[in-house]
Amino acid sequence: MRVNLPVTNDHGFFEFRLESIGGLGANLCGKILGELGALYLGLNSSNFASYGSEKRGTPVKSFVRYCDPEKVIRINSPVEKPHVLGIFHERLAGKIPVMAGVDEQTMVVINTNDDPDYVRDHLKMHAGTLACIDALQIALEENTRINMVMLGAIAKVAGFIPLDVLEEAVRNTIGKKYPAALKGNLAGVKRGYEELSLTKYDNDGKYPYREYEEVKRDWGYANAPIGGVNTVPGSTASNDLTASREGYVPLFHVEKCINCGLCDTTCPDMVYQFVEGEYRGKPSMVNKGPDYHHCKGCLRCVEVCPTAALTAELERDHDIWNIHVRNKDLIVESMEFEDTGANSIVNTESGN
Ligand code: SF4
Ligand code: SF4
């Protein structure tokens with residue numbers, strides 16, 4: 001088939017930008033959109049991504065360009081003014097400038113269960129159409145992942161991608177690689193395509209237009225200490241991983257904890273807070289529970305806990321910022337931490 005692009009920029013391109021955090025599958029979503037354009041929609045297309053370390057929790061951007069087959073795509077610069085912007089986690093807003101280049105013509109698809117007016121204010125959205133989809137809830141219900149639901153929603157708002165063609169592309173790509181997950185993936189794509197709610201916002205002067213700028217990390221090759229070695233053992237103390245979670249967190253039941261430390265040695269992000277205290281009447285290091293600021297939701301700690309003192313729970317069902325988290329007021333304001341770090345004995349200086 002050959003589709004007609006409804007709108008293009010001065011270079012003749014229709015452009016997507018996907019904003020995400022490593023682990024949510026935005027890169028795969030961009031790859032499928034790229035293949036879709038060239039192999040199923042009769043267009044020329046390109047896809048590329050920008051990310052740092054491939055560890056979960058780092059910012060990821062994926063870019064997709066389409067153009068008519070009579071034209072060629074010779075640039076691979078970031079998409080600065082997207083026609084469609086996909087935001088894979090609402091918590092990304094405010095951490096990195098995800099709304100750059102958004103104006104009246106932009107369709108913004110965001111994974112959220114909040115009210116559109118609230119989301120618009122949260123994003124400080126200048127203008128454009130806001131498409132809200134509860135991708136997390138749908139993914140949980142259909143046993144798929146957020147990126148499949150977002151893929152369906154992004155394809156829908158583009159306005160020229162038929163659902164059956166998208167489904168065929170999914171079948172022929174990830175369906176071949178992960179056949180057991182195909183049913184859930186297709187259900188997620190379909191619901192993303194069909195369950196969007198759209199709200200249009202004109203430029204009412206409430207929030208200014210933002211120009212695109214490259215995201216720079218605080219530490220790079222030029223200023224990382226001792227040739228790139230992080231001397232602060234609690235290296236994730238400056239790393240907010242909340243946007244990496246896909247619905248679940250470990251919930252700590254302190255009354256069942258025997259302070260064995262298995263969760264602490266298993267957790268890849270040094271989330272557990274062990275402090276000097278008393279256990280069974282004797283001085284001991286005791287577990288104060290997870291600092292959810294750093295938790296990416298992998299649930300390895302839940303698997304290893306021998307006493308069920310950790311259980312996997314839906315984050316939405318619990319007010320995690322008010323239980324078992326230390327320094328919660330400092331987390332947002334100043335990034336100062338105490339008593340975090342490797343096995344939680346070291347006082348970190350991270351974030352300074
Ligand atoms: S789920 Fe558990 S192991 Fe995984 S990052 Fe969070 S605290 Fe660490
Ligand atoms: S693994 Fe379970 S019992 Fe052991 S310290 Fe961690 S929470 Fe407590």
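The values are calculated or read from the model by the stated rules, or taken from the named source; none is laboratory data. Worth saying up front: this structure is predicted, and the values here are computed from it rather than measured. Cβ placement follows ideal geometry from the backbone for every residue including glycine, while neighbour counts extend to all protein chains displayed.
Of the strands (runs of 3 or more DSSP E) entirely within region 1-111, those holding at least 2 residues that are touching a residue at least 12 places away in the same chain (Cβ under 8 Å) and among the small types (G, A, S) occupy 44-51. Mind listing just one residue for me: the one in region 223-242 that is within 13 Å of ligand 1 (Cβ to nearest atom) and assigned to a helix (DSSP H, G or I) and, of those, modelled with the highest pLDDT? My answer is T242.
Between A127, A100, A93, the distinction of being surrounded by 17 or more Cβ atoms within 10 Å (Cβ to Cβ) and out of contact with any Asp or Glu (no Cβ under 7 Å at 6 or more places or on another chain) belongs to A93 only. The set of residues from region 196-212 being loosely packed, with under 12 Cβ neighbours inside 10 Å and in a loop (DSSP other than H, G, I, E, B) comprises D202, D204, G205, P208, E211.
Every residue, every condition in (1) crowded, with 17+ Cβ neighbours inside 10 Å; (2) charged (D, E, K, R); (3) assigned by TED's automatic domain parsing to the domain that holds G37, yes or no:
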| residue | (1), (2), (3) |
| --- | --- |
| R120 | yes, yes, yes |
| L123 | yes, no, yes |
| A135 | yes, no, yes |
| V149 | yes, no, yes |
| V170 | yes, no, yes |
| N185 | yes, no, yes |
| E194 | no, yes, yes |
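Looking only at region 296-318, residues that are more than 7 Å from ligand 1 (Cβ to nearest atom), under 20 Å from the mean Cα position of the chain (by Cα) and among the hydrophobic types (A, V, I, L, M, F, W, C) come to 2 in all.
Restricting attention to region 120-132, does a residue exist that is in contact with a helix residue (DSSP H, G or I) (Cβ under 7 Å, 6 or more places away or on another chain) and assigned to a loop (DSSP other than H, G, I, E, B)? No, every residue in region 120-132 fails to be in contact with a helix residue (DSSP H, G or I) (Cβ under 7 Å, 6 or more places away or on another chain) and assigned to a loop (DSSP other than H, G, I, E, B).
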